[in-house]
1. Need the C-alpha centroid separation for the range 255-293 versus the range 322-399, integer Å.
2. Based only on the alpha carbon positions, what is the Kirkwood hydrodynamic radius of the range 107-236, in angstrom?
3. Whole number in Å², please: accessible area per residue of the range 208-349, 1.4 Å probe, ligands, DNA and RNA not counted.
4. For Ala453, list long-range residues whose amide hydrogen, built 1.01 Å from N in the peptide plane, is under 5 Å from its own amide hydrogen.
5. Amide H neighbours of Tyr196 under 5 Å, at least 5 residues apart or on other chains, H built in the peptide plane: list them.
6. Quick one: 3J(HN,Hα) in Hz for the range 126-139, Karplus 6.51/-1.76/1.60 with θ = phi - 60°, rounded, Gly and Pro as x.
7. Roughly how many nanometres apart are two label points built 7 Å out from the Cα toward the Cβ at Gln153 and Arg202?
8. Mind checking the log10 I(q)/I(0) for the range 261-383 at q = 0.13, 0.17 Å⁻¹? Debye, one equal scatterer per Cα, no solvent, two decimals.
Amino acid sequence: MTSAMRSSTSFISLKDTRSPKTPDDFSGTICFAHIKPSCRLQAKNSMQEAQLSHDEILMTDGRKSNKGGELHAISGPRSSNDSKVPVFVMLPLDTITIGGNLNKPRAMNASLMALRSAGVEGVMVDAWWGLVEKDGPLKYNWEGYAELVKMVQKHGLKLQVVMSFHQCGGNVGDSCSIPLPPWVLEEISKNPDLVYTDRSGRRNPEYISLGCDSLPLLRGRTPIQVYSDYMRSFRKRFKDYLGDVIMEIQVGMGPCGELRYPAYPETNGTWRFPGIGEFQCYDKYMRASLEASAEALGKKDWGRGGPHDSGQYNHFPEETGFFRRDGTWNTEYGQFFLEWYSGKLLEHGEKILAAAEGIFRGTGAQLSGKVAGIHWHYRTRSHAAELTAGYYNTRHHDGYLPIARMFSKHGVVFNFTCMEMRDGEQPEHANCSPQGLVRQVKMATRTAGTELAGENALERYDAGAYSQVMATSRSESGNGLTAFTYLRMNKKLFEGDNWRQLVEFVKSMSEGGRKEKLSECDTHGTNLYIGFIKDKSVQKTKEAALA
């Protein structure tokens, strides 16, 4: 976590972005830089119930809203390849300032106008716990968000709001620092076991440990009560907009808002891609739970801590006794530990989503939850990186179907990342298969009867990434997408070719993603883009933002 907040707000350029082209700008080939994974990556593939095995998938990949009435009226998994897929765009992480105000409102106004002209459905914003409840328990400041909601409504856009109970900072793409509320950090300083802890005793302040979900350790309230009070306050403040402007509430359930453990923290270089990560079960509350589970089975020795042979953050599976091909993960002990570890994560998600469902029932707002796309070491038997993050997904065990069923139980959309990634772009030594992982998740959500939405894991502006998202959005194998949220709005997005690619992508998704490939290089522009730049009222708005 950085010590000082750095402004990352990047809106549409306030000048005409059609800069003179160099010969390189017209290159007919697309070169992919080395892609480093972020907290927005994740997932995998199996599915006995859908009659697909991991082996079948790996063989293939190896070669290459309803407003009214009841809450979350799910229409059932998408089956038509011709359905419109609405596109949303994530706003900058520091859309709301540390002081609780809307950051650069005139520039935001111009940017929203541009996005509306491009045909996007709406935008997504993080409602940071560390900003809203910063001044003390139950003292909420929603004013900056209220200004944003009104601005989004003015432009005829919709809003996805993330209940962000995690810190911002310390992961790929985190361009600013927003820690947990100061009063929470004070409690953590007095009781460090409130946060996740690895085997060496390293504490992670990104998110409160799920081990204390039901313990009144936050000034007399449990973490689940704190999250519930926060969501209740949001509902009260924005009751007139829920189901109308605010169409979706994404419920944060872990680091980066994802339902997972912080197994691969990048702060201070702790973890580097494609390391397997480490189990996060060494705070005293998690240890007590493990001990109790082991004693209940008459296996007291199994409850003395996590696996001793699981290696360190940057190891590869074959360097460890636990994750290697025929390692401890596939023994009776390994199965016990992984069922406990992943089961605790499922219980955590169940508690938060049950609370959210009760709070937002009848508002017309759709609930969603996010799962990480952990695609590295997916081609190995143990799927080590997924296991340390809490997804019990191996060659023999499907880790995503239980999550999908839990989401389905509460009418929650399953939001998944790495939709833009192709296997061939990944380094061979990392044993990645983002395409296999996405296919497994598509099958799991179809089997569970829950809807699937997607995001890109890394910032991408090329035609190849957009084409992969369009291919994924269709439902030939498993669920198609009900929505896609693009990461992220910044100055680069509004540059000439990048903007034209986005416009063409949004148009294609509105037609059900039927256009299989975007043009690799569009030097002719589009009427929409030129029209936006030349529109006098928009130009005045851009000039105003310069002041």
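1. Using only Cα atoms, the two centres lie 12 Å from each other.
2. Working: mean 1/r = 0.0609 Å⁻¹.
That comes to 16.4 Å for the range 107-236.
3. Details: 5520 Å² over 142 residues.
In whole numbers, the range 208-349 has 39 Å² accessible per residue.
4. It is Phe414, Asn415, Phe416, Thr482, by chain and number.
5. Asn204, Tyr207, Ser209
6. The phi angles translate into 7, 9, 6, 4, x, 9, 6, 10, 5, 7, x, x, 6, 9 Hz.
7. Simple spin-label model gives 4.6 nm for this pair.
8. Summing over Cα pairs of the range 261-383 leads to -0.65, -0.98.
The values are calculated or read from the model by the stated rules, or taken from the named source; none is laboratory data. For clarity, every value in this text was computed on a predicted model and none was experimentally measured. Cβ atoms come from the backbone with ideal geometry, glycine included; neighbour counts cover every protein chain shown. Protein only, heavy atoms only, side chains kept; ligands, DNA and RNA dropped before computing areas. Shrake-Rupley method; radii C 1.70, N 1.55, O 1.52, S 1.80 Å.
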